[in-house]
Amino acid sequence: MTAEHSRTHTWADPADIAEARKGLTGLEFMERLHSGEIPYPPSGGTLDFRIAALARGSVTLEAVPGEYQYNAVGTVHGGVLSAWLDSAMGYSIQSTLEVGEGFTTLDLTVRFIRGVTTETGPVRAVGKVEHRGGRTATARGELRDSDGALLASGTTTGMILR
């Protein structure tokens, strides 16, 4: 057996992030995350993703697969891929919210196409809103490598909270 590996990271207080979100539209909040004015929620550091691009109804995240995310068969765990897609799709819904609105995920479906390893290199998770109603929103997501190969895809439904 080889030596154990370790990973350390820090995160901002989630209560402070929630407080900073008050009074902002979802898009304004996402823009401030992207610029660094508001720190990422703890999940961003845990999952190693950052916003690469955003517009109302569309968010692209970049992530770098790490061996600390591996499962027993030597690929990045499907739960990590699902979380990247869930984040991209959720952030795309978030970007449509008005001041005082929130949302929560009602369902998540992910289809795994190719295995992901550290050799895959950086990946992009793109989430796009398909429908934004008064009570629900739906979004689609794709996870692709730097050559554009599809790694996983997904759909989600979110409930709008007021």
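The values are calculated or read from the model by the stated rules, or taken from the named source; none is laboratory data. Small disclaimer: the values here were computed from a predicted structure and weren't measured. Every residue, glycine among them, receives a Cβ derived from its backbone with ideal geometry; neighbour counts consider all protein chains shown. Areas reflect the complete protein model, heavy atoms only, side chains present, ligands, DNA and RNA absent. Shrake-Rupley method; radii C 1.70, N 1.55, O 1.52, S 1.80 Å.
Summary of computed values
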read-out	value
Efficiency of FRET from Cβ geometry, residue 150 and residue 43, R₀ 30 Å, rounded to 0.05	0.80
Accessible surface, the chain, averaged per residue in Å² (probe 1.4 Å)	54 Å²
Translational diffusion coefficient (Stokes-Einstein; Kirkwood radius from C-alpha pairs) of segment 45-148 at 4 °C, 1.567 mPa s, in µm²/s	92 µm²/s
For segment 116-162, radius of gyration divided by Kirkwood radius, i.e. Rg to Rh on alpha-carbons	1.15
Mean-position separation - Cα centroids, segment 56-79 and segment 1-53, in angstrom	16 Å
Nearest-10 value in Å² for the accessible area of residue 77, using the 1.4 Å probe	100 Å²
Heavy atoms of residue 128 accessible to a 1.4 Å probe, total area in Å² rounded to 10	110 Å²
Using θ = phi - 60° and Karplus 6.51 cos²θ - 1.76 cosθ + 1.60, couplings along segment 131-140 (whole Hz; Gly, Pro as x)	9, 10, x, x, 10, 9, 9, 10, 9, 10
Carbon plus sulfur fraction of accessible area for segment 18-156, probe 1.4 Å, in percent	51 percent
Rounded accessible area of residue 99 (nearest 10 Å², 1.4 Å probe)	80 Å²
